[in-house]
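As structure tokens, the structure follows; a few thoughts come after it.
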Amino acid sequence: MKKTSRLVLLLISSLFFVSFPNIIINSQAETIVVPNKYATSLEVVAAQETIGGWNKTYGGQWGEIAYSLVETSDKGIAIAGYTKSYGAGDSDFWLIKTDPYGNIVWNHTYGGENNERAYSLIQTSDRGYALAGTTSSFGAGNNDFWLVKTDSNGNLEWYQTYGGPAWETAYCVIESSDGGYALVGETYSFGAGELDFWLIKTDENGNMEWNKTFGGEQDESAYAIIETSDGGYALTGYIDSFSPIGGRDCWLIKTDNFGNLQWNQTYGGASFDVAYSLIEISKGGFALAGNSGSFYPHFWLIRTDNNGTMEWYETYPGEVAYSVIESSDGGFVIAGYIEPHRKGRHIQLVKTDIQGNMEWNRTYSESESDQDVAYSLIQCKDGGYALAGFKSRSSFDSDGGWLDASLIKTNDIGDIPEFPSLNPLFVLTIATLFLFFVFRIKMYRQSQKRVNLCH
């Protein structure tokens with residue numbers, strides 16, 4: 001009997017460790033103090049760190065969101081977005097630099113008396129940072145493109161505004177191969193219609209060299225830009241003016257190095273379709289990710305050739321995909337959010353092979369009613385992934401109230417200890433454990449009956 005018990009216990013132990021090959025033990029929750037030279041008092045942010053993976057939130061009293069992140073040259077992470085709790089105005093650019101475990105090294109705000117929001121962040125070739133977004137405190141109109149350049153410690157070096165009498169918003173910035181910058185977004189002040197793609201090229205100090213608008217009589221908005229291998233640019237977003245089927249379509253534009261249009265393609269059905277993220281694939285062609293109202297489910301990945309001709313598209317569990325990257329194995333990874341049972345928003349991460357076939361997906365949430373979104377995704381040097389966005393603290397407010405900026409770090413299969421995935425072997429382990437104890441109780445009762453008979 002003892003030998004049987006030992007064998008069963010050995011089997012259970014083996015199944016447990018097979019079910020959790022990357023088992024990670026949570027450390028104690030810690031408290032991070034967020035210093036800010038503009039804050040009237042220091043705010044406390046609760047965070048949880050784990051060995052090998054972690055998730056953290058950063059914020060104050062009113063609300064913060066992170067829209068973009070980069071892995072820094074020292075293997076830390078930098079995130080950018082906006083803060084309502086700190087800074088000089090209603091909302092300000094917020095740049096946070098962390099160590100490899102998400103602990104804050106420093107943070108800075110940038111802004112005036114009104115509203116500023118940073119939607120894009122890059123680390124520049126001089127190891128400083130460039131942030132792009134919108135400002136209503138500076139510039140010519142209601143809202144202007146705002147480009148902010150800092151040194152490696154986040155200290156402001158210069159900023160530039162671009163815009164007209166109406167309003168403009170920059171959603172993406174890249175450092176071009178000549179050391180300048182290229183920004184893309186939307187403009188109401190210029191162009192052919194109500195809202196157009198706006199592409200701006202600057203020198204290394206942010207001085208505008210040229211700009212181009214693309215669009216028709218209705219609305220077009222650009223959310224992403226890349227410099228292509230031929231030295232030109234590719235932009236994506238949505239288009240209302242030239243949809244061949246109807247509705248709103250995803251729009252991909254290719255230009256030369258001076259912004260002159262070379263070709264454009266639209267993708268979509270009869271409903272609302274938009275691309276938020278764009279990459280050039282290492283083997284040639286492009287991949288776009290976004291949201292499709294025409295197809296279901298709504299997480300949408302498009303693969304094209306070098307001329308933008310669609311080769312295939314796939315949809316995956318999720319509502320809106322905001323970011324796509326090419327993984328180290330040649331597949332794709334997409335991040336955004338899912339709305340399970342329409343009760344909340346949960347961060348969603350999907351991994352595919354090179355043909356777009358889903359290999360795994362992960363959902364991160366702590367409760368069914370959570371309102372959590374990932375806007376930006378990177379693959380880190382250790383092979384894991386980092387996601388930036390926001391996490392709700394209590395009630396949800398689309399303007400940012402009761403939200404904290406969030407930063408999640410996973411391993412190479414998207415796992416972190418706070419959100420364990422249910423493994424089939426884990427279910428088998430629990431079932432085996434249950435049957436073992438049932439067997440033991442039954443044997444104990446039979447032995448007691450024999451004792452009573454002897455008496």
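Where a number appears in this text, it was derived from the coordinates with a stated rule and is not lab data. Bear in mind that the values here come from a model prediction, so they are computed numbers and not experimental data. Heads up, the Cβs are rebuilt from the backbone with ideal geometry, glycines too, and the neighbour counts pull from every protein chain shown.
Net charge near VAL148, counting Lys/Arg +1 and Asp/Glu -1 over other residues with Cβ under 12 Å of its Cβ? That works out to -2.
Ranked by how many other Cβ atoms sit within 10 Å of their own Cβ, fewest first, the residues TRP146, TRP158, TRP106, TRP62 fall in the order TRP158, TRP106, TRP62, TRP146. Counting Lys and Arg as +1 and Asp and Glu as -1 over every other residue whose Cβ lies under 12 Å from the Cβ of SER282, the net charge comes to -2. Distance from the C-alpha centroid of segment 283-345 to that of segment 242-278: 15 Å, rounded to the whole angstrom. Please compare each pair in LYS75/LYS201; LYS84/LYS391; LYS351/LYS409 to a cut-off of 22 Å on the Cα-Cα distance and tell me which ones are over it. Check vs 22 Å cut-off fails for LYS75/LYS201. Of the peptides 147-156, 195-204, the ranking by mean beta-carbon count within 10 Å, highest at the top, reads 195-204, 147-156. Under a 5 Å amide H cut-off, with hydrogens placed 1.01 Å from N, GLY318 pairs with HIS298, PHE299 among residues at least 5 apart or on other chains. The amide H of SER221, built 1.01 Å from its N in the peptide plane, has TYR238 as neighbours under 5 Å, considering only residues 5 or more places off or on other chains.
Annotation: amide H of GLY60 within the under-5 Å range of SER85, sequence separation 5 or more or interchain, hydrogens built in the peptide plane. Summary of packing: across the peptides 243-255, 402-414, the per-residue average of other C-beta atoms within 10 Å ranks them, highest first, as 402-414, 243-255.
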